[in-house]
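*Asks:* My questions will all concern the structure given below.
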Amino acid sequence: MNLWEKHDNEGTLRCLLCPHLCLIRPGKRGICGARENRNGEVQLVTAGVISGYAIDPIEKKPLYHFYPGSSILSAGSYGCNLRCDFCQNYHISQNSDPGGSPRLEPGELVSRAASIPGNLGIAYTYNEPVIWYEYVASTARLASRKGLKNVLVSNGYIMPEPLKEMTEFIDAFNIDLKSVSNDFYRNYTGATLNPVLEAIRIIAASGRHLEITTLILPGLNDSVEEMKWEAQWIAENAGTGAPLHLSRYFPMYRRRDPATPPETIIKLREIAQEYLDFVYTGNMAGTDGGSDTFCPSCGKMVISRTGYNVRIIGLTDAGRCSNCGQQII
């Protein structure tokens, strides 16, 4: 797939990967900082540049209904196509490869993933993996041939055609739906809402595993009305079984708002549960029960979680409730 096109006779190219559709002059980079007009084409200059990698619980992505209790090799690079002023990973997302970072070719990353006993696969995460498109595609295809699973943790700000191609080699997605307000996206992320909603529709229609995360910021996206709208929209466009994670905000990057009160997260979870079968709370101290999985049919607890300690207590091997047979994962 060609992810750029010529724009004029001055050598300017238009990047076709994300909805910014950046016009990039020779020697310059797009908004993401990772894609440069070089030698008459848009090149991924961070291919293989690794900001970090580690074995993580799959629940840390967060994915609660995709091989619960397993571990996955997580890897990321630098750069992002959004400019969220509350970014929780700003030191790498708002940084375009500071130099001196290790490089791993796709085959090397796959070999490392395959050599780890019990490892599920590779999660492309930490910064925004959409802008790492060519590297992710090459690595994921190799990983699939080795029997490894591929996970993408993304803001969902991508054009439909490259995303549809991604669903051919990515097994599970967690999409960060920051708000259901376009004004929120414009004011706090430098992007727009509709492409993210369309990304969620495309992934849901593809049949690939999908979970959604919303970081709740006090006074910005924490109203009951917005949560009702979001939960209804997810139910109608991704299904009532699509897990939603409501994550507690802590001051980060350019914002100094107070942390989200735990009671706000709990209240919004109750609202979302009116429309969705599985709603979880994140970044919450203590045990509010918001990480456990209950059967939506009979109410039986089927997965217990304390931090990243996971106990599967009521699931069959087929991922059904052992009490009533309801499909859970």
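*Asks:* Please list, in order along the stretch 314-323, the HN-Hα scalar couplings obtained from phi with the Karplus expression 6.51 cos²θ - 1.76 cosθ + 1.60 (θ = phi - 60°), rounded to whole Hz, x for Gly and Pro.
*Replies:* So the J values, rounded to whole Hz, are x, 10, 7, 4, 8, x, 9, 4, 6, 8.
*Asks:* List Y126, Y157, Y78 from most exposed to least, where exposure is judged by having the fewest other Cβ atoms within 10 Å.
*Replies:* Numbers: Y126 20, Y157 29, Y78 26.
Taking fewest neighbouring Cβ atoms as first place, the list is Y126, Y78, Y157.
*Asks:* Rounded to the nearest 5, what is the percent of antiparallel bridges among the DSSP beta bridges in the stretch 1-150?
*Replies:* Expressed as a percentage, antiparallel bridges in the stretch 1-150 total about 75.
*Asks:* Once you order the gyration tensor axes a ≥ b ≥ c over the Cα atoms, which shape class does the stretch 1-110 get: rounded for a/c under 1.5, otherwise prolate or oblate by comparing a/b with b/c?
*Replies:* Numbers: a/c = 2.13, a/b = 1.95, b/c = 1.09.
It is prolate, given that a/c is not under 1.5 and a/b is the larger ratio.
*Asks:* Right, another one. Listing I202, I72 from the residue with the fewest other Cβ atoms within 10 Å to the one with the most, what is the order? Let's see the in-between values first.
*Replies:* Details: I202 20, I72 29.
If I rank by nearby Cβ atoms, fewest first, I get I202, I72.
*Asks:* Let me ask another. When the chain is modelled as a GNM with alpha-carbon springs shorter than 10 Å, which of N182, N174, N221 fluctuates the most?
*Replies:* Fluctuation is largest for N182.
*Asks:* Quick one: compute the contact order of the stretch 225-324, relative version, from alpha carbon pairs under 8 angstrom and 6+ residues apart, as a percent. Write out the running numbers ahead of the final one.
*Replies:* On the way: 143 pairs, mean separation 20.7, N = 100.
This gives 21 percent for the stretch 225-324.
*Asks:* Between the helical axis of 194-206 and the dominant principal axis of the chain, each derived from Cα atoms, what acute angle in degrees is found, rounded to the nearest 10?
*Replies:* Result, in degrees: 70.
*Asks:* Any idea what the alpha-carbon Rg over 2.2 N^0.38 Å comes to for the stretch 4-44? All intermediate terms of the calculation are to be shown ahead of the outcome.
*Replies:* On the way: Rg = 8.6 Å, N = 41, 2.2 N^0.38 = 9.0 Å.
Cα Rg divided by the expected 2.2 N^0.38 Å: 0.96.
*Asks:* Also, I was wondering about something else. Using only Cα atoms and rounding to the nearest 10 degrees, what angle (0 to 90) does helix 224-237 make with the longest principal axis of the chain?
*Replies:* That helix lies at roughly 80 degrees to the long axis.
*Asks:* So, one more: Stokes-Einstein at 20 °C, 1.002 mPa s, Kirkwood radius from Cα pairs: D for the chain in µm² s⁻¹?
*Replies:* 105 µm²/s
*Asks:* Follow-up. Which ³J(HN,Hα) values in Hz, rounded to whole numbers, follow from the phi angles of the stretch 39-52 under the Karplus curve 6.51 cos²θ - 1.76 cosθ + 1.60, where θ = phi - 60° and Gly and Pro get x?
*Replies:* Computed from phi, the couplings for the stretch 39-52 are 6, x, 8, 7, 10, 7, 7, 9, 4, x, 6, 10, 7, x Hz.
*Asks:* Taking the inverse of the average 1/r across all pairs of different Cα atoms in the stretch 193-310, what Kirkwood radius in Å do you get? Walk me through the intermediate numbers first.
*Replies:* Working: mean 1/r = 0.0663 Å⁻¹.
Answer for the stretch 193-310: a Kirkwood hydrodynamic radius of 15.1 Å.
*Asks:* Output the relative contact order of the stretch 52-275, whole-number percent, from Cα pairs under 8 angstrom with separation of 6+ residues. Provide the component values of the computation, followed by the final result.
*Replies:* Details: 395 pairs, mean separation 39.6, N = 224.
Here the relative contact order equals 18 percent.
*Asks:* Using Cα atoms only, what is the angle between the long axis of helix 106-115 and the major principal axis of the chain, expressed in degrees (0 to 90) to the nearest 10?
*Replies:* Taking the Cα atoms of the chain, the angle to 106-115 is about 30 degrees.
*Asks:* For the chain, give me the percentage of DSSP beta bridges that are antiparallel, rounded to the nearest 5 percent. Working shown, then result.
*Replies:* Values: 25 of 51 bridges.
Around 50 percent antiparallel, to the nearest 5.
*Asks:* Around N309, with a cut-off of 13 angstrom between Cβ atoms, what is the net charge of the other residues, counting Lys and Arg +1 and Asp and Glu -1? Write out the running numbers ahead of the final one.
*Replies:* Working: positive: K60, R305, R311; negative: E59, D292.
Spelling it out: positives minus negatives among the neighbours equals +1.
*Asks:* Exposure proxy check: D292, D85, D222, D183 ranked by fewest other beta carbons within 10 Å? Write down the numbers at each step before the final one.
*Replies:* Numbers: D292 17, D85 13, D222 20, D183 10.
By the 10 Å Cβ count, ascending, the order reads D183, D85, D292, D222.
Each reported figure results from applying straightforward, stated rules to the coordinates on display, with no laboratory input. Keep in mind it's a predicted model, so treat the numbers as computed, not measured. Don't worry about glycine lacking a Cβ; one is built from the backbone with ideal geometry, like all the others, and counts go over all protein chains shown.
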